[in-house]
1. Just the number: Rg to Rh for the chain, Cα atoms, Kirkwood Rh, two decimals.
2. Excluding residue 195 itself, what net charge comes from residues whose Cβ is under 11 Å from its Cβ, given Lys and Arg +1 and Asp and Glu -1?
3. Please list, or write none, the aspartates and glutamates whose alpha carbon is within less than 16 Å of the alpha carbon of residue 182, excluding same-chain residues fewer than 8 places away.
4. Counting other Cβ atoms within 10 Å, which trypsin sites (Lys or Arg not before Pro) in the stretch 254-305 have at most 14 and lie in a DSSP loop?
5. Assuming 0.36 nm per residue, please report the length gained on full extension of the stretch residue 71 to residue 202 beyond their Cα-Cα distance.
6. Which percentage, to the nearest 5, of the DSSP beta bridges contained in the chain is antiparallel?
7. Sum -39500 (n - 2.57) across every DSSP H segment of at least 4 residues in the chain, then divide by the residue count to get the 222 nm mean residue ellipticity, nearest 500.
8. About the Cα centre of the stretch 131-233, how large is the charge dipole given +1 on each Lys and Arg Cβ and -1 on each Asp and Glu Cβ? Please answer in debye to the nearest 20.
Amino acid sequence: MPVLRAFIFLGLMGTIAEAAIDTWTLVAGGDLMLNGIAPKTNPLKGIAPIFRAGDIAYANLEIPITNSKTVTSRKSKKDLIARNQFVLRADPGHIAGLAGMGLDAVSLANNHAMDFGWGGVTDMQKSLTRKDIRFAGAGSTLAEAEICSVVQVKGGPRVGFVSFLAFMGDKALWTCSPATAKAPGIATLAFHGTLDKVAKKRVEEIVAGAKKNCDVLVVALHWGIERQTAPSGYQVQLGRLFIDSGADVILGAHPHVLQGSEVYKGKPICYSLGNLISPLPAATAIHKLTFSGTKFMGLQRLGCSISGGKTVLMKGKAAATAAKGYALLDKRVQAVAKSLSKAVGKKLSRRA
Ligand SMILES: [Zn+2]
């Protein structure tokens with residue numbers, strides 16, 4: 001959709017002054033959990049018009065879309081049987097549905113992209129490329145996995161996407177196959193929950209590198225604890241560090257439920273977008289972010305319900321009740337942030 005151009009006409013001495021305000025929207029969806037859902041049921045048809053109406057449409061593709069049968073060796077049989085770990089795969093027929101909803105970019109740095117190895121990822125990347133859907137967060141080397149994928153808003157800024165898995169534990173990261181200087185995999189940040197000088201420098205370098213090629217940088221972070229509706233202190237610290245370093249938007253995923261959002265230094269941090277589709281029923285939301293040029297203007301959450309493997313928009317009373325819930329989630333974010341600043345204050349006073 002072209003950028004909306006609003007004109008203000010001022011009649012002064014017979015002249016018309018024109019001020020153009022260029023606004024555009026980024027429509028963001030959470031985890032695409034397409035396991036066990038048949039493409040012919042068209043699970044995203046109900047919400048596709050909302051994504052198509054956005055200037056840029058994004059979601060977290062948390063599943064390899066492939067026919068590969070080579071399961072990752074990093075998730076042990078014991079853990080799979082105990083259901084501590086899962087390997088997921090989606091029918092390649094879903095690519096048509098993702099293209100049909102107008103997705104421009106997806107993040108791949110998550111704990112399922114490598115479930116069917118690098119072969120599964122390359123299958124999926126080829127299919128996405130054929131449909132002109134950009135991806136970030138997985139590559140044949142770490143350098144490739146970190147590449148910023150850029151989507152140009154028609155008549156507007158270049159929007160870049162980078163994607164990182166940011167779990168705290170080394171074992172949890174290892175099971176997801178991090179890319180290395182020579183080996184394929186996903187882009188990871190192994191900061192162990194502590195943002196020291198080394199971590200800060202790495203974040204600054206990521207942002208500076210990506211911003212060479214874009215005007216608005218979206219950082220997709222896969223983090224937090226599943227089913228937790230409040231972000232961890234580490235999520236708040238890391239999200240804010242990316243903004244402090246020059247990133248423009250943070251879109252979080254992994255908890256599979258919604259977490260709140262905040263505007264930090266004028267930039268939006270959405271801590272968890274929840275699921276966009278899953279075989280299990282749930283309430284969720286589509287995050288619609290509006291910008292004027294490179295400036296963030298506002299966030300709107302559109303309540304959705306997932307049922308029977310389909311996602312549809314909430315209406316009327318259900319949507320109004322859901323909106324009240326988002327305000328409560330946002331309050332929880334501020335409570336976490338406040339507890340962090342108190343902890344820092346304590347540390348300082350102890351030192352003093
Ligand atoms: Zn995840």
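No lab work stands behind these numbers, since they all come straight from the coordinates. Keep in mind it's a predicted model, so treat the numbers as computed, not measured. Heads up, the Cβs are rebuilt from the backbone with ideal geometry, glycines too, and the neighbour counts pull from every protein chain shown.
1. Ratio of gyration radius to Kirkwood radius: 0.98.
2. Counting the neighbours of residue 195, the net charge comes to +3.
3. Straight-distance partners of residue 182: 144, 146.
4. Passing sites in the stretch 254-305 are 265.
5. Residue separation times 0.36 nm, minus the Cα-Cα distance, leaves 44.0 nm.
6. Percentage antiparallel, nearest 5: 60.
7. Only helices count here, giving -9000 deg cm²/dmol.
8. Taking the Cα centre of the stretch 131-233 as origin, the dipole is about 160 debye.
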